[in-house]
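Everything below concerns the one structure shown next.
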Amino acid sequence: MGDVQKKLQELSDSYQNLQAELSTAVEARQQLESQQQENTTVQKEFAILSDDANIYKQIGPVLLKQDKTEAVMAVNGRLEFIENEIKRIEKQITDIQTKSEKFKMEIIQIQQAAQQSQQAVAS
């Protein structure tokens, strides 16, 4: 029975670690989605501006004038990067959920087997 308890504890610990990883990955995805929304808004604003509009980029406490084409390219690049990161994180989340479900099923099977063996001993 000690081996069963030990195995159950190991599976439980692994399951809890996966749940913590999942929580971290979901937070990361939420941050990326927020950044994506901000950059999409900036992209829409750039579309409204005329080509000769003044665009400034904040670097520390200083505002530096920036060419519209350069600014648009930077935002588009950022959006592409964010989209790729979201896809990567979503795959990571799916993998974690799959592993987590596997551990959960294994824990349930061990618990059911332990209950059955206890009932057999009690009979």
**Item:** Residue within the range 106-113 that is among the acidic types (Asp, Glu) and surrounded by 13 or more Cβ atoms within 10 Å (Cβ to Cβ) present
**Value:** yes
**Asked** Would you say Glu83 is under 28 Å from Glu21 (Cα atoms) and exposed (fewer than 14 other Cβ atoms within 10 Å of the Cβ)?
**Response** yes
**Prompt:** Quick one: is Ala47 in contact with a strand residue (DSSP E or B) (Cβ under 6 Å, 6 or more places away or on another chain) and assigned to a helix (DSSP H, G or I)?
**Reply:** no
**Item:** Checklist (1) more than 22 Å from the chain's Cα centre (by Cα); (2) open to solvent by 50 Å² or more (accessible area, probe 1.4 Å) applied to Lys102, failing item
**Value:** (1)
**Message:** I'd like to check something: does the range 96-108 contain any residue that is in a helix (DSSP H, G or I), closer than 19 Å to Glu38 by Cβ and either modelled with pLDDT of 95 or more or touching a Cys at 6+ places or on another chain (Cβ under 6 Å) (or both)?
**Reply:** no
**Prompt:** Any idea how many residues of the range 6-20 are open to solvent by less than 90 Å² (accessible area, probe 1.4 Å) and without any contact (Cβ under 8 Å) to a residue 60 or more places away in the chain?
**Reply:** 2
**In the range 21-52, residue farthest from Glu85 (Cα to Cα) [restricted to those that are among the aliphatic types (A, V, I, L, M) and surrounded by 11 or more Cβ atoms within 10 Å (Cβ to Cβ)]** = Leu49
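The values are calculated or read from the model by the stated rules, or taken from the named source; none is laboratory data. Since we're looking at a predicted model, the values are computed, not measured. We place every Cβ from the backbone using ideal geometry, glycine too, and count neighbours over all the protein chains shown. With ligands, DNA and RNA removed, areas are computed over all heavy atoms of the protein, side chains included. Shrake-Rupley method; radii C 1.70, N 1.55, O 1.52, S 1.80 Å.
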